[in-house]
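The values are calculated or read from the model by the stated rules, or taken from the named source; none is laboratory data. Given the structure is predicted, the values throughout are model-derived calculations rather than measurements. Cβ placement follows ideal geometry from the backbone for every residue including glycine, while neighbour counts extend to all protein chains displayed.
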Amino acid sequence: MGYYLLHLHLHGLFRGHGLELGRDADTGGQTTYVLELAKGLAARPEVDRVDVVTRLIQDKRVSPDYAQAHEPLGGGANIVRLPCGPRRYLRKELLWPYLDEMADAVTAHIAAQPQRPNWIHAHYADAGYVGALVSQRLGIPLVFTGHSLGREKQRRLLEGGLTHEQIEQTYAIGRRIDAEERALAQSALVITSTQQEAQQQYARYNRFEAEQAAVVPPGVDAQRFHPVAMPGEASDVEALMEPFLREPNKSPLLTICRAVRRKNVPALVEAYGRSALLQERHNLVLVLGCREDPRSMEKQQRDQFQQIFELVDRFDLYGKVAYPKQHRGEQIPAIYRWAAQRCGIFVNPALTEPFGLTLLEAAACGLPLVSTDDGGPRDILQRCSNGQLADVTDLDVLQQALEEAGADLERWRRWRDNGIEAISRNYSWDAHVCSYLGEAERRCSAWRRPERTAVAPVQAPPVQRLLLLDLDVCLQSAQPAGLEDLRRRLAADPNCGIGMLSGRNFASARLRFAELHLPEPQVWILEAGADLRFGPEGRPDPSWQQHIAQGWQRQKVEQVLEGLSPRLTLQPAMNQGSCKVSYTLEAPTAGVLEMVRQRLRQHRLEARAHLFHHWFLDVLPMRASKADAIRHLCLNWGLPLDQVLVVAAQQGDAELLNGSSLGLVAAEHDHSLDQLRRRPKVFFASRPQAWGVLEGLDHYRFLTR
């Protein structure tokens, strides 16, 4: 049986035809790469099926194509769109609250297939987070490609003058970096485009190991990107440029990218505007995606265009600068060739460039390069010898590089020929796919697959619905009348089982539960998720213990956190567990949770920290949490998550209410859960204790009448 490969590409607008490249900050080179990779993999004889999972979008502002649940790409490749969060289109920074829901959907999609993927390949941080969760739950190897990395972006933005607060507010950079760390911790293989990316950018992450990385440069579609002009294409491009240019046959300085801050296009316009020599020799052509009404653009795009328009006006560049409002995706190769016919130069002025697929496309079409001296362009120019690098943060250096690039026609021809030949030799899609498959097969087959023992059998058959009650808060001082009503309602529905959620150990939880006189629970999720048990007698689940214990070093956790300020005091032995280290804070201090998490990351411990009631801190194995235990249970029982109702109340319980299960927040909840009030699957009870649970049961019509 051939390979079944699953790729995750969650943000932007993704379809199999007419890619809307440059429409916004989320629809760029990564989109092209993932689509071409899926098609290239599906064409290989050893691959039977390739699924690209993305987000299903139902929004009048975008094409109905993105609401199509299944789109065949041909040759066994498909796009699978799964709902995640609101129906409308969202920029990637707003997707974070809904990614647990996507992880649940991807897990359910895979579980429904007759064959599991040989590996999951996650593209970018958001997909990396989802891929890590799915990989942990199903024991499927993870391949990760960051495309661009949060730590590198943060570094550049800080150098550009933004504050940490501004960066966090705009880019949710903290969540992105945490997601990248989590993906790296789980990955069997990290695909990078360049050695610099692996040695300098990924190396800034605590969870990255150099031996994880394989450099596999992307390929170029030789059927589209080549130096031979097609009939009629030149006049088609000229029609785009003529409204802007007085002398359209001048040699163009061409850039093709999205109008986002990282691409640094205003710097290119300013360097051009400051140079009489450049204006005499060249036109400046900016292909910055398609734009409609400026009012519908994202703020970052509007700001970039505003800067460009102001610079054109300031240097009086009218008739010398083209910035077409619309173009078709199939016109891009023709634009490269049109520029090459006029002895033009392709310019990439980006502040950061993990790889630079447009550089390869331009070179394949015979267009020499001037590019940022960052990341991928270094490798490309070293292999291709078809242009020069420049420090694009220094306008004088950029201006000088552009002036020199167009000064020698013989050198221009040599650069053109070098680029065409080097692309054919080093950057074909066939070479990329072969190298990719070889690296992935070797790393993923050697990846330590967790042994998954069957769940301990339960006395009763799996239930149709499951109510999970918070034992520590929402039933702590339940009124007798409310408890009696809850007891009666639960006993009357044999299809609804109950489970207990608690930070306690089994002995303590059993004593507390006996006081409630509720029907016996089918399941206990205890010790903050580090202990999963079944039935009244609390039979442990060996598969869960085996799963979470991988990489767990309890003694090392205690050593690493010893002496941390503010001081953490180990709780009594009765509050500890084999897979749980519990502390009490000397004082509830802001930032202590992030400090602990950072310390665990720095020492590369597969552990996670949770804070409860502001005073109590638990450290668990990376794979252990109440939310993960619920998903482990549902997978083994075959119980859909939307048939699970989770009652939550404590600080740190927000992750319980992310994803596909139904959520009920008790009236006496911690204020940190208020951020979930707008979630459609989270109901906030107005009444306390058992009365609030009954209110939630009625809201969801969860019990049969």
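Worth a mention:
- VAL190 falls short on exactly one of the conditions (1) closer than 18 Å to GLN30 by Cβ; (2) of a type in the set (A, V, I, L, M); (3) assigned to a helix (DSSP H, G or I), and that condition is (3).
- Unique residue being surrounded by 15 or more Cβ atoms within 10 Å (Cβ to Cβ), part of a loop (DSSP other than H, G, I, E, B) and modelled with pLDDT of 90 or more when the list is PHE702, PHE683: PHE702
- Only one of ARG207, ARG156 that is outside any helix (DSSP H, G or I) and either in the same structural domain as HIS603 (by TED's automatic domain parsing) or at pLDDT below 90 (or both): ARG207
- In region 528-554, residue farthest from the chain's Cα centre (by Cα) [restricted to those that are at positive phi and touching a residue at least 60 places away in the same chain (Cβ under 8 Å)]: GLY535
- Residue identified as surrounded by 22 or more Cβ atoms within 10 Å (Cβ to Cβ), under 20 Å from GLY406 (Cα atoms) and among the polar types (S, T, N, Q) among ASN283, ASN264: ASN283
- Residue ID - surrounded by the most Cβ atoms within 10 Å (Cβ to Cβ), chosen from residues in region 286-310 that are without any contact (Cβ under 8 Å) to a residue 40 or more places away in the chain and over 17 Å from ASP24 (Cβ atoms): PHE309
- Verdict on ILE57 being in contact with a Lys or Arg (Cβ under 8 Å, 6 or more places away or on another chain) and assigned to a loop (DSSP other than H, G, I, E, B): yes
- Residue in region 234-253 that is under 23 Å from the mean Cα position of the chain (by Cα) and not in a loop (DSSP other than H, G, I, E, B) present: no
- Listed by first and then second residue, the pairs linking a residue in region 12-33 that is assigned by TED's automatic domain parsing to the domain that holds ALA69 and free of Cβ contacts under 8 Å to residues at least 40 places away in the same chain to a residue that is part of a loop (DSSP other than H, G, I, E, B) and not aromatic (Phe, Trp, Tyr), with Cβ atoms under 7 Å apart and 6 or more places separating them unless they lie on different chains, are THR31/GLY12; THR31/LEU19; THR31/LEU21.
- The residues in region 1-28 that are crowded, with 21+ Cβ neighbours inside 10 Å, touching a Gly at 6+ places or on another chain (Cβ under 8 Å) and at negative phi can be counted, and the count is 5.
- Residue count for region 211-233 under the criterion of being at pLDDT below 90 and outside any loop (DSSP other than H, G, I, E, B): the result is 1.
- Pairing residues of region 566-587 that are without any contact (Cβ under 8 Å) to a residue 12 or more places away in the chain with residues that are in a strand (DSSP E or B), at Cβ distances under 6 Å and at least 6 apart in sequence or on separate chains, gives GLN576/SER582.
- In region 351-375, residue surrounded by the fewest Cβ atoms within 10 Å (Cβ to Cβ) [restricted to those that are modelled with pLDDT of 90 or more and acidic (Asp, Glu)]: ASP373
Here's the yes/no breakdown for (1) of a type outside the set (A, V, I, L, M); (2) more than 38 Å from the chain's Cα centre (by Cα):
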residue: ARG258; (1), (2): yes, no
residue: GLU280; (1), (2): yes, yes
residue: LEU286; (1), (2): no, no
residue: CYS290; (1), (2): yes, no
residue: LYS299; (1), (2): yes, no
residue: LYS320; (1), (2): yes, yes
residue: GLU330; (1), (2): yes, no
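- Residue check for GLY535: surrounded by fewer than 16 Cβ atoms within 10 Å (Cβ to Cβ) and either farther than 14 Å from ILE630 by Cα or in the same structural domain as LEU475 (by TED's automatic domain parsing) (or both): no
- Selection count, region 388-414, where residues are closer than 20 Å to LYS250 by Cα and of a type in the set (S, T, N, Q): 2
- Segments classed as helices (runs of 4 or more DSSP H), wholly inside region 275-344, with at least 3 members that are hydrophobic (A, V, I, L, M, F, W, C) and closer than 23 Å to GLU233 by Cβ: 332-341
- Answer residue from region 125-166, given it is among the β-branched types (Val, Ile, Thr) and touching a residue at least 24 places away in the same chain (Cβ under 8 Å) and is farthest from ASP178 (Cα to Cα) among those: ILE140
- The listed residue being under 15 Å from GLY12 (Cβ atoms) and assigned to a loop (DSSP other than H, G, I, E, B), out of TYR66, TYR89: TYR89
- Exactly one residue among LEU99, LEU73, LEU5, LEU10 is in contact with a helix residue (DSSP H, G or I) (Cβ under 7 Å, 6 or more places away or on another chain), assigned to a helix (DSSP H, G or I), modelled with pLDDT of 95 or more and not acidic (Asp, Glu), and that residue is LEU99.
- Single match in GLU159, GLU180 (criterion: over 18 Å from the mean Cα position of the chain (by Cα) and acidic (Asp, Glu)): GLU159
- Among the residues of region 182-223, the one identified as of a type in the set (D, E, K, R), in contact with a helix residue (DSSP H, G or I) (Cβ under 8 Å, 6 or more places away or on another chain) and over 22 Å from ARG155 (Cα atoms) is ASP221.
- Strands (runs of 3 or more DSSP E) fully within region 544-639 counting 1 or more residues that are modelled with pLDDT of 90 or more, touching a helix residue (DSSP H, G or I) at 6+ places or on another chain (Cβ under 6 Å) and not assigned by TED's automatic domain parsing to the domain that holds LEU138: 581-585, 607-612, 616-621
- Pick from region 659-677, criterion assigned to a loop (DSSP other than H, G, I, E, B) and not hydroxyl-bearing (Ser, Thr, Tyr), ranking: nearest to the chain's Cα centre (by Cα): GLY659
- Counting the residues of region 111-141 that are aliphatic (A, V, I, L, M), at pLDDT below 95 and part of a helix (DSSP H, G or I) gives 2.
- If you filter region 234-261 down to residues that are modelled with pLDDT of 90 or more and basic (Lys, Arg), you find that the one that is surrounded by the most Cβ atoms within 10 Å (Cβ to Cβ) is LYS250.
- ASP313 surrounded by fewer than 17 Cβ atoms within 10 Å (Cβ to Cβ) and farther than 26 Å from LYS92 by Cα: yes
- Which numbered condition ARG413 fails, given (1) without any contact (Cβ under 8 Å) to a residue 60 or more places away in the chain; (2) under 36 Å from the mean Cα position of the chain (by Cα): (2)
- Evaluation of PRO462 against (1) modelled with pLDDT under 95; (2) touching a Lys or Arg at 6+ places or on another chain (Cβ under 8 Å); (3) surrounded by 14 or more Cβ atoms within 10 Å (Cβ to Cβ) (one fails), failing number: (2)
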